[in-house]
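Read the structure below first, then the notes.
Values in this text are rule-based calculations from the coordinates and carry no lab data. None of these values were measured; they are calculated from a predicted model. Note that each Cβ is placed from the backbone with ideal geometry, even for glycine, and that neighbours are counted across all protein chains shown.
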Amino acid sequence: MSLVDTKQRMIHAAVNTDPLQHNMIENQKQPIHYGLKERNIPHIKINEMKELQVWYDFGGKLGEGGFGSVMIVTEKGSNKVWAMKVVSKSNAGVNLQLVQQEIGVLKLIQHPHIIYLDKIFESSKSMYMIFERCYDFANIYARHKPFPERLSKKIISELVDAVAYLHKYDIVHRDLKMENLLVGENPNDPTDEYYIKLTDFGLSIHKFGKGFETSLHDYCGTLHYMAPEIITKRAYTEMCDMWSVGVILYMLLVGNYPFFASDEKELKVIICTKEPVFKKTDLTAEATNLILQLLVKNPVNRIRATEVLQHPWMLDRKLSKNIEFNILDKMKEWKSEMKVETGSASDWVLGSFENLDKSRSVSKQAMQLPKTNIMFDRNKRRSSKSKETPLKPSQHNNHKKTGKNGVP
């Protein structure tokens, strides 16, 4: 039997067997996502890992972490190289839900600057996710920071383009950070060394429209990138992602975090009360303005993804008085979106945001957050760094590309 026939029989069996014993893993029913249609990603049940040898030749291991490992695989027939992320269900434990949530989101979305998931295989013990092979942007950043404005502009433009796409469909990433940026192949420009791909959707969520009832309350993310409204346990929206974009932009241009402290509790207070410091004096006024528009404590006044793409810095234009966003209009727009009646619920939401701006300190009560089940950085437990040496930009075309453990 040929390789193609074997693959077709596996897929045919997955689709046409008894619904109670079929090989295709049924996805959880997804609600309507306002224009998003689930991609037809094969999700195939197997008994053991060696069955994947029908599909792929196995290469070296790129990394290993608490949940499993990532390895290079080459697709038979096409010779296309992929990164296979292997997740041990027993090692993942309760965090397996994050993996399943990520798969659910990746099945719904497709964007040139979002990591591409090609196939999923699943056994009783493990999950095998076939991703496009990318390499870790954080390693490149660590070697070459700070970045010049023009390169930073390209990176932020591609990141925000992906974020705007997510927000259009009410998907909130909730864990934007350097470690969740990868670099992939630009199909239109093979010389592009910084073709950004957003990854790790384990904490992402669909908030199903606008209004107070659909606002988010979960305390999650990575602390250095976490918006004040999450730290203080207030209701929040997709604007928490824009704060994280501001942190990333500051890091690209300045070379370190905008807010830093050795103590976790102190860092929370600093994020909620202090303004970023610009010790680097050669930043343009336009770049500084955009950072400040992103790192606004009050999410009501924070710049949106679509507005970032039209900011003078992004368009190579000079600042003018006309680009200053009307705060009152934004407040009215936000109140209209929330659609809450006057009273305790409305007062609580508006008051909690206003308190962040009125005071230079945060009350002890507001800062006393629960310490259980908080994941400030899931990557520390989930995976280890690849042993491969990070590539310099000049080396990209001369070496095989490797990712954050080979993949998101």
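Brief remarks follow.
- As an equivalent ellipsoid, the range 34-152 spans semi-axes of 26, 19, 17 angstrom, where each value is the square root of five times an eigenvalue of the C-alpha gyration tensor, largest first.
- Protection proxy ranking of 48-56, 268-276 - average other beta-carbon atoms within 10 Å, highest first: 268-276, 48-56
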